[in-house]
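In what follows, a structure is listed as structure tokens, so that the remarks can point back to it.
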């Protein structure tokens, strides 16, 4: 059965830091409320945009607990647990209290550059490690290699708790082949904000978004309109945000979205090394676009 709680707009929530580089729990709580007010469908904790790879185990626990408390069971939560060491991913899953979470988002292994059988066997092992629903996350721009449509469909057919893919390959032909050949209940979720509308038009089910950290109301409305096939109305919101979204990624994510959130007085723009704030040109362009938005 399709997990309808994963339809629509999920937000890959940022992890705010203070001037000293510590997790800013007040800022994180403020952003959760901002997402509630914007009526998004669910929140993804400890994803790429949440800078999970630079957080200690204790900080990851703090971030998760802060979001759980601030959320107050209002929205479904998804937890990012992934990596390039299959056994470590399995161990993390087994030692994590997953009761507060709707599903796990698990990125395809990176750096090692597995072949397609390696990807299949990795997700087989992850599937068997939990009864929780799992979202496969294919992002070749970060991992260095692609989980092909054939492999994703094979995984979807063989492991019923792998219920969706977050597809960030940017390859519409690949995405359409997944949609055409997948099991009926398997969901295709956009991993690229500016491709969400065409992916939904092709038969996708929503997005895990970055830009919706800053503009949750308009972006989630765009997604809901698209899912209702009201594309002329959705296009207005899509094109209203398309230039801002471009700039969010022009000099690295989550540097762009954190700077945008700082302009909107939602949190500070601080990041952890090796990430740095966007260059001055991107900052200036973002500031102008946001100032002129609507």
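Read-outs: derived from the displayed coordinates by stated rules, not from any lab. Every value quoted in this text rests on a predicted model; they were computed, and no experiment measured them.
What number, in percent, do you get for the relative contact order of the range 4-230 if the mean sequence gap of Cα pairs under 8 Å and at least 6 apart is divided by its residue count?
Working: 424 pairs, mean separation 47.8, N = 227.
Computed value for the range 4-230: 21 percent relative contact order.
So what's the back-of-envelope 222 nm ellipticity for the chain, counting only DSSP H runs of four-plus at -39500 (n - 2.57) apiece and dividing by all residues, rounded to 500?
-13500 deg cm²/dmol
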**Rounded if a/c under 1.5, otherwise prolate or oblate - the range 116-187, Cα gyration tensor axes** = oblate
**Item:** Cα-based radius of gyration of the range 167-294 once divided by 2.2 N^0.38 Å, which approximates compact folds
**Value:** 1.12
**Prompt:** Which of 212, 70, 164 moves most in a GNM of the chain, Cα contacts under 10 Å?
**Reply:** 70
**Cα centroid separation, the range 1-44 to the range 168-243 (Å)** = 19
**Message:** Cut-off 10 angstrom, C-alpha nodes, Gaussian network model of the chain. Which of 76, 183, 274 fluctuates the most?
**Reply:** 274
